[in-house]
Amino acid sequence: GDVVVVQSPFFMGGNMRQWARDKDADARLRSLQRVAEAVRFLHEQRPSILHRDIKPENVVFDSESPTGTPALCDFDMSVDALDTMASTMMRGTLLYLAPDTQPSTASDVFALGVTLLDVLFCDADQERLRQLLLGDLRAVAAISDADLERVRSHLERRAADTDGDADANVGELATLVRSMLSPQPRTRPDARAVAERLGELLHVR
């Protein structure tokens, strides 16, 4: 009577980095929209739940199929927004960590933005992401203001240089990700706006 067993489903599709390798842009975008919906759900609880470690490795899939269902996992560092003792510290994976003074729903959106950058613009290749974020490949992935502005400028140019229907979607995504990577938390879109915008782009595609 003293034993507790916790059973969870087996996610045979692996994590998002593994799953995304042979998937086209539509499949990746569809899965990321569902992840954004999961973050939106967490943030719309009362009080909001902060995940604090959103990244491709913390999204798993129930199958290897392009239509596999993703699940956001690894809530070891998650807290509710009113848990002031826990939530005053920035925690998470450095490459995805917002340059904020304390965690919030906006810092989760930043990490989600880096995840979109990783999976959609770097083909889920972490080394490409690292090179884009940290041009000189520093051993410790601490993103500086200059690094962040360089990436945001790259996304702005990517959005401005696109034309035609397919490219226009890439431009819209670049604009969205750029806004999610704003160094100022208050200027980032919330998770609801991100999920809805990705849904609109999926409908167009």
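The values are calculated or read from the model by the stated rules, or taken from the named source; none is laboratory data. Nothing here was measured: the structure is a model prediction, and the numbers come from that model. In this analysis, Cβ positions are derived from the backbone assuming ideal geometry, glycine residues included, and neighbour counts consider all displayed protein chains. Side chains included, ligands, DNA and RNA excluded: accessible areas come from the protein's heavy atoms. Shrake-Rupley method; radii C 1.70, N 1.55, O 1.52, S 1.80 Å.
Residues in the chain average 52 Å² of solvent-accessible surface per residue, probe 1.4 Å, ligands and nucleic acids excluded. Kirkwood Rh over alpha-carbon pairs of the chain, then Stokes-Einstein at 10 °C and 1.306 mPa s: what D in µm² s⁻¹, rounded to an integer? Rounded to a whole number, D works out at 91 µm²/s. Mind listing the long-range amide H neighbours of residue 50? Cut-off is under 5 Å, sequence gap 5 or more, other chains count too, H placed in the peptide plane at 1.01 Å from N. So residue 50 has HN proximity to 79, 80, 81.
Were the residues from residue 184 through residue 65 laid out at 0.36 nm apart, the gain over their Cα-Cα distance would be 39.1 nm.
Phi angles of the stretch 51-65 translate, via the Karplus equation with coefficients 6.51, -1.76, 1.60 and θ = phi - 60°, into HN-Hα couplings of 6, 6, 7, 6, 6, x, 5, 9, 10, 10, 10, 7, 7, 7, 5 Hz per residue; Gly and Pro are given as x. Among the protein heavy atoms of the chain, carbon and sulfur supply 51% of the accessible surface, probe 1.4 Å, non-protein parts ignored. A protection proxy built from the mean count of other Cβ atoms within 10 Å ranks the segments 176-183, 49-56, most packed first, as 49-56, 176-183.
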